[in-house]
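This report concerns only the one structure given below.
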Amino acid sequence: MSLQKTDAVILRSINHGETSKILTAYTRAHGKIAIMAKGSRALKSRFGGALEPLNHLSILYYEKKSREIQLLSQADLIESFPKIHAELEKTAVALAVCELLNQLEVGQEPNPLLFRLLLSTLTSIDAAANNGMNSFRAFQIHMFDIMGFRPHFHGCIGCQRPVAGAIAFDLMEGGPSCQDCRRATASTIVLTQETLQALQGLQKIHISRLGDFLQSTTSQNQVDNFLRAYLQNHVDDVRELKSLQFLKRL
């Protein structure tokens with residue numbers, strides 16, 4: 001058994017027994033881990049309120065390779081993102097980020113770029129003037145890049161020429177085709193120029209500078225439909241995010 005120290009973001013928390021919690025955390029040094037926080041729900045818990053979902057922490061935990069759930073020793077709060085916790089819509093968007101990451105990341109494989117993207121996204125949602133959905137959209141675009149299936153939005157994937165009019169985007173190939181290179185496949189969807197430009201912007205603009213980008217409801221819906229379709233074509237068994245379903249009901 002060894003003692004490990006790393007930064008972590010709490011993705012999920014479930015109660016265990018009368019006074020404990022089992023946490024799913026995404027860490028800078030060890031990827032996604034499950035940790036037991038014994039006594040964390042007791043009135044005089046040494047963890048205080050640090051172990052809430054979405055919090056950014058510095059943690060110490062005892063690691064034993066043969067067990068699936070590790071044992072938390074210490075947790076110090078680095079950032080709680082107070083505006084996210086104070087506003088219901090921001091909470092739902094931030095939880096959607098964590099829920100998606102929890103679905104996609106399996107096992108203890110470190111990915112510092114993805115951890116940095118997670119923190120940047122939560123910071124962006126916390127600072128956003130509205131509910132922060134643009135931050136979630138940008139998170140997905142940049143996550144595709146980190147996970148190895150970056151979509152191509154600039155020119156035809158066949159001949160590199162600019163693409164005009166209605167755009168045939170091949171989800172499996174990861175890019176649009178011009179009239180000459182186009183071939184109909186089951187993974188082809190049609191995008192408008194407005195949607196393609198919005199996707200280009202999300203890929204290019206730093207997540208902290210999105211501001212009021214993509215204000216049109218039509219464009220937002222089209223971008224969301226593309227992101228969902230693209231993800232489902234590259235990752236098996238992606239489930240609907242409960243946090244987004246809740247957000248739609250608000």
### Query
Do we have any residue at all in the range 23-35 that's surrounded by 15 or more Cβ atoms within 10 Å (Cβ to Cβ), under 16 Å from the mean Cα position of the chain (by Cα) and not in a strand (DSSP E or B)?
yes
### Query
So which residues in the range 157-167 are more than 16 Å from residue 197 (Cβ to Cβ) and within 31 Å of the chain's Cα centre (by Cα), if there are any at all?
157, 158, 160
### Summary
All-but-one check, residue 248 against (1) closer than 26 Å to residue 12 by Cα; (2) surrounded by 13 or more Cβ atoms within 10 Å (Cβ to Cβ); (3) at pLDDT below 85, failing number (2)
### Task
Please indicate, with yes or no, whether at least one residue in the range 131-153 is part of a loop (DSSP other than H, G, I, E, B), closer than 19 Å to residue 92 by Cβ, in contact (Cβ under 8 Å) with a residue 24 or more places away in the chain and within 23 Å of the chain's Cα centre (by Cα).
yes
## Note on the structure
Result of the Cβ filter at 8 Å on the range 230-250, keeping first residues that are in contact (Cβ under 8 Å) with a residue 40 or more places away in the chain and partners that are among the β-branched types (Val, Ile, Thr) and surrounded by 10 or more Cβ atoms within 10 Å (Cβ to Cβ), at least 6 apart or interchain, is 231/238; 243/93; 247/93
## Note on the structure
Of those in the range 173-210 that are outside any helix (DSSP H, G or I) and under 21 Å from the mean Cα position of the chain (by Cα), the residue farthest from residue 121 (Cα to Cα) is 174
### Candidates 53, 82, 112, filtered to the one that is touching a strand residue (DSSP E or B) at 6+ places or on another chain (Cβ under 7 Å) and within 30 Å of residue 138 (Cβ to Cβ)
53
### Flag for residue 58 being free of Cβ contacts under 8 Å to residues at least 60 places away in the same chain and assigned to a loop (DSSP other than H, G, I, E, B)
no
### Query
Which condition number does residue 221 fail, the rest of (1) assigned to a loop (DSSP other than H, G, I, E, B); (2) free of Cβ contacts under 8 Å to residues at least 12 places away in the same chain being met?
(1)
### Task
Test residue 213 against the criterion of being touching a His at 6+ places or on another chain (Cβ under 8 Å), assigned to a loop (DSSP other than H, G, I, E, B) and surrounded by fewer than 18 Cβ atoms within 10 Å (Cβ to Cβ), and give yes or no.
no
### Query
Is there any pair with a first residue in the range 98-109 that is closer than 22 Å to residue 63 by Cβ and outside any loop (DSSP other than H, G, I, E, B) and a second that is modelled with pLDDT of 90 or more and among the polar types (S, T, N, Q) whose Cβ atoms are under 7 Å apart and which are 6 or more apart or on different chains, and what are they?
102/24
### Message
Please pick out the residue among 45, 40 that is among the polar types (S, T, N, Q) and surrounded by fewer than 18 Cβ atoms within 10 Å (Cβ to Cβ).
### Response
45
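The values are calculated or read from the model by the stated rules, or taken from the named source; none is laboratory data. None of the values given here were measured: they were computed from a predicted structure. Virtual Cβ from ideal backbone geometry, glycine too; neighbours counted across all protein chains shown.
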